[in-house]
Amino acid sequence: MTGIRIERLITSGTFSLDGGTWQVENNVWIVGDDDEAVVVDAAHDADAIARALGGRTLRAIVCTHAHNDHIDAAPELADRTGAPILLHADDLPLWKQTHPDRRPDGELTDGQGLTVAGTELTVLHTPGHAPGAVCLYAPALAALFSGDTLFAGGPGATGRSYSDFPTIIDSIGTRLLALPDDTTVHTGHGETTTIGAEAPHFQEWIDRGF
């Protein structure tokens, strides 16, 4: 684990679904050391992500889900670095809306381990925001990369196609809130939070139908 670190790059672009388009800022997470890294969600700007990587070997481009704002730069970054794009199979229908002529290179499955810089990231399938949404848990770093499943202040949105509120609540309640309270949650948008900060509000989210 020597030298491993978590870096955040904020990129800007658009999110489009169900006939609407919105301006968004996304968090791109780079996890690794001076020699190698993985990218969690290659959003909007392959050039900026490549610059942030520097000369490091990119081991994988991990997609927490396939909404276009989280995957739009993935093929270009993969072509430039040779890194495989990894996505849960349940999100292929969403992926094809953005990249109809380019499939991911590999599948993410629940419980799968990805290793970078001697540290393991475990894939947690957390559907709800999208059918194939996943989070990555790195216990050695006390870190969770939550994509759009969990934010500071509540669950991800479930008001559009391919999403479901009871499902995301089940994913958060059974998979994420079971993690240690001091786990830092590195989100797909906005600021980080912790499991301990979010857990006390879980029943409120259910009652409000967030």
Check: Looking at segment 104-117, which of its residues are more than 24 Å from S171 (Cα to Cα) and either of a type in the set (V, I, T) or exposed (fewer than 13 other Cβ atoms within 10 Å of the Cβ) (or both)?
Finding: V116
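Being among the small types (G, A, S), more than 20 Å from P131 (Cβ to Cβ), over 15 Å from the mean Cα position of the chain (by Cα) and surrounded by fewer than 13 Cβ atoms within 10 Å (Cβ to Cβ) is the requirement here; does G82 meet it? Talk me through it step by step, then tell me what you get.
On the way: among the small types (G, A, S): yes; more than 20 Å from P131 (Cβ to Cβ): yes; over 15 Å from the mean Cα position of the chain (by Cα): yes; surrounded by fewer than 13 Cβ atoms within 10 Å (Cβ to Cβ): yes.
So G82 passes the test.
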Checklist line | Qualifying position, being over 22 Å from A43 (Cβ atoms) and not polar (S, T, N, Q), among L136, L150, L179 | finding: L179
Margin query: If a residue must be closer than 19 Å to Y137 by Cα and of a type in the set (F, W, Y), how many such residues does segment 7-31 contain?
Written below: 1
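If only one of D182, D207, D148 is modelled with pLDDT of 95 or more, among the acidic types (D, E) and surrounded by fewer than 23 Cβ atoms within 10 Å (Cβ to Cβ), which one is it? Don't jump to the end; show me each part of the working.
On the way: D207 fails: modelled with pLDDT of 95 or more; D148 fails: surrounded by fewer than 23 Cβ atoms within 10 Å (Cβ to Cβ).
Of the residues listed, the single one that is modelled with pLDDT of 95 or more, among the acidic types (D, E) and surrounded by fewer than 23 Cβ atoms within 10 Å (Cβ to Cβ) is D182.
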Next item on the list: With the checklist (1) more than 15 Å from the chain's Cα centre (by Cα); (2) at pLDDT 95 or above in hand, flag the one item G55 doesn't pass.
Entry: (2)
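Hey, could you check segment 120-133 for residues that are in a strand (DSSP E or B) and farther than 13 Å from I172 by Cα and say which is farthest from the chain's Cα centre (by Cα)? Spell out how you get there, then give the answer.
Step one: list which residues in segment 120-133 are in a strand (DSSP E or B), which gives 120-125.
Among the residues that remain, those that are also farther than 13 Å from I172 by Cα are: 120-123.
Working: E120: 16, L121: 12, T122: 12, V123: 10 Å.
It comes out as E120.
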Next item on the list: Determine which single condition T126 fails, assuming it passes every other condition in (1) farther than 22 Å from L9 by Cβ; (2) surrounded by fewer than 24 Cβ atoms within 10 Å (Cβ to Cβ).
Entry: (2)
Margin query: What pairs come out if I take residues in segment 104-126 that are closer than 15 Å to A178 by Cβ and pair them with residues that are among the β-branched types (V, I, T) whose C-beta lies under 6 Å away, six or more apart or interchain?
Written below: H125/V134; T126/T149
Note to self: Return the residues of segment 13-31 that are over 16 Å from the mean Cα position of the chain (by Cα) and in a strand (DSSP E or B); say none if nothing qualifies.
What the structure shows: G13, T14, S16, L17, G20, T21, W22, Q23
Item checked: Total residues in segment 134-157, condition in a loop (DSSP other than H, G, I, E, B) and not polar (S, T, N, Q) -> 6
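Please determine, by comparing only the residues of segment 159-201 that are polar (S, T, N, Q) and in contact (Cβ under 8 Å) with a residue 40 or more places away in the chain, which one is nearest to V28 (Cα to Cα). Walk me through it before giving the result.
Of all residues in segment 159-201, those polar (S, T, N, Q) come to 161, 163, 167, 171, 174, 183-184, 187, 192-194.
Filter once more, so that each one left must be in contact (Cβ under 8 Å) with a residue 40 or more places away in the chain: 161, 167, 171, 183-184, 187, 192-193.
Values: S161: 24, T167: 25, S171: 22, T183: 19, T184: 16, T187: 9, T192: 13, T193: 16 Å.
This residue is T187.
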Checklist line | Matching residues in segment 176-210 - criterion: being touching a Leu at 6+ places or on another chain (Cβ under 8 Å) and hydrophobic (A, V, I, L, M, F, W, C) | finding: L176, L179, V185, I195, A199, F202
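Under the condition of being in contact (Cβ under 8 Å) with a residue 12 or more places away in the chain and more than 17 Å from the chain's Cα centre (by Cα), which residue from segment 85-97 is farthest from T64 (Cα to Cα)? Show your work before the answer.
Keep residues of segment 85-97 that are in contact (Cβ under 8 Å) with a residue 12 or more places away in the chain, which gives 85-95, 97.
From what's left, more than 17 Å from the chain's Cα centre (by Cα): 93, 97.
On the way: P93: 14, Q97: 16 Å.
Only one residue tops the list, namely Q97.
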Check: Could you list, in sequence order, the residues of segment 1-12 that are surrounded by fewer than 20 Cβ atoms within 10 Å (Cβ to Cβ), within 18 Å of the chain's Cα centre (by Cα) and among the β-branched types (V, I, T)?
Finding: I6, I10
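The values are calculated or read from the model by the stated rules, or taken from the named source; none is laboratory data. These numbers were taken from a predicted model, which means no experiment stands behind them. Ideal geometry is used to build each Cβ from the backbone, glycine not excepted, and the neighbour counts take in all protein chains shown.
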